[in-house]
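One structure is given below, encoded as structure tokens.
The values are calculated or read from the model by the stated rules, or taken from the named source; none is laboratory data. Treat the numbers as computed from the prediction; the structure is a model and nothing was measured. So basically every Cβ, Gly included, is an ideal-geometry build from the backbone, and we count neighbours across all protein chains shown.
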Amino acid sequence: MGRAAYEVCKQYYGWESKWPEIKRTYAIPASISAQGLPSVHAIVPSYQHGNYIEQRIQSIAEQDYDKLRITVIDDCSDDNSDAIIRKLQEEIEFEYIRNEKNSGTPFSAWEYAARNTTEDLIWICESDDSCDRTLVPKLVKTMRTRPDINMAYCGSLIIDEYNNIIDTTADGYFPAVFHPARWRRSFAVDGKHELREFQASGMVVPNMSSLLVKTDTFQKAFDQDIKKYRLAGDWLFVGRAMQYGSIAYLAENLNHFRRHPQTARAQTKIAQSYAEHIIVRVKLSLLAGAGPTEFFFNLKHDIFDLYRDESLLTDVMTLLKGLDADVYDLFKKAYDEYTSPTKAEDMVRCVSFRRYAYSHG
């Protein structure tokens with residue numbers, strides 16, 4: 001009850017909740033809050049999220065930040081997204097682009113952002129997410145603490161389809177993928193170090209909606225090959241962007257990351273997911289200059305899982321060969337080496353121990 005009371009007071013009576021009313025009461029001009037601050041281009045790649053698109057756009061428009069341009073790009077949704085977006089234009093100012101046919105890639109809007117942004121920062125806003133109205137100003141403030149910071153992201157509340165909070169990234173994502181406590185505090189680190197120590201083995205930004213990127217960094221990191229991915233293009237993109245400066249993390253849950261129920265359709269993506277993840281791990285390991293031991297460390301869970309499931313191994317290897325023959329050769333060499341009779345037992349023991357250790361904090 002105490003926690004619930006705290007959240008109610010914070011939501012309705014805190015400084016952040018009362019600031020819009022204070023600005024109106026004392027006629028504080030918008031130009032003062034924007035003076036000297038970087039401009040932000042918010043890109044919303046919309047597809048089949050008619051149930052959430054209004055909340056998404058409103059949460060961007062309500063940011064306590066004046067130098068913000070919004071572009072919504074709908075990839076030929078066949079639900080009610082188009083009607084809702086057009087209706088919203090009557091009350092909220094934003095650009096709207098609707099593709100006449102589906103692009104076939106979730107990253108077509110990213111290409112538009114790279115080519116058509118004149119603002120200082122780019123914010124990719126997934127169309128089923130939402131956010132606290134202080135996300136942009138707080139991330140901008142974080143980025144301005146050091147001139148070498150090219151990217152900044154925050155923690156997220158994980159919400160369900162009904163906006164109920166079911167977890168946080170600090171509790172439900174980072175402990176499962178990385179060290180259980182590192183993301184409980186804010187930090188800023190060299191991007192190349194972060195790439196080598198973390199990003200090459202797993203995505204450190206759980207949700208792109210929580211990330212601001214300097215435009216020149218975004219343009220350098222985005223390449224046409226990102227568009228061939230369905231599930232891991234954002235992971236590869238962030239890893240590439242880490243080459244160009246430092247990255248900061250703000251330990252506040254300002255983003256609202258929507259998690260949908262697992263479906264049969266999602267289950268069919270397992271082999272595709274493994275194939276893409278292996279490609280990204282290999283590419284980022286090479287980019288980070290990983291040695292043989294680090295290379296295995298980054299791939300060990302994939303090797304372990306495929307070693308235990310022969311049918312999945314066959315499907316993944318087939319996909320890998322079609323997607324990237326060079327990565328296929330490198331991964332097959334590593335797989336054959338660590339599943340050989342002399343090393344398989346050590347590999348299984350290593351992976352099983354680490355999974356046990358992480359699951360028990």
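Comparison of LEU319, LEU299 shows that the only residue that is of a type outside the set (Phe, Trp, Tyr), at pLDDT 90 or above and in contact with a Lys or Arg (Cβ under 6 Å, 6 or more places away or on another chain) is LEU299.
Taken as a whole, the structure places THR318 among residues that are in a helix (DSSP H, G or I), surrounded by fewer than 19 Cβ atoms within 10 Å (Cβ to Cβ) and polar (S, T, N, Q). In this entry, ASP132 passes the filter for residues that are more than 24 Å from SER201 (Cα to Cα) and assigned by TED's automatic domain parsing to the domain that holds ILE57. Among the conditions (1) more than 19 Å from PRO206 (Cβ to Cβ); (2) not assigned by TED's automatic domain parsing to the domain that holds ILE159, the only one that LYS269 does not satisfy is (1). Assessment of the range 241-255 against the conditions (touching a residue at least 40 places away in the same chain (Cβ under 8 Å), on the phi > 0 side of the Ramachandran plot and in the same structural domain as GLN63 (by TED's automatic domain parsing)) yields at least one matching residue. Within the range 296-353, take every residue that is among the β-branched types (Val, Ile, Thr) and under 20 Å from SER201 (Cβ atoms) and give me the one that is farthest from the chain's Cα centre (by Cα). In this case the residue turns out to be THR339.
Criterion first (crowded, with 17+ Cβ neighbours inside 10 Å, among the polar types (S, T, N, Q) and in the same structural domain as ILE84 (by TED's automatic domain parsing)) does THR145 satisfy it? The answer is no for THR145. Check whether at least one residue in the range 161-180 is outside the structural domain of LEU320 (by TED's automatic domain parsing), part of a strand (DSSP E or B), within 30 Å of GLY291 (Cα to Cα) and not basic (Lys, Arg), and report yes or no. No, because not a single residue in the range 161-180 is outside the structural domain of LEU320 (by TED's automatic domain parsing), part of a strand (DSSP E or B), within 30 Å of GLY291 (Cα to Cα) and not basic (Lys, Arg).
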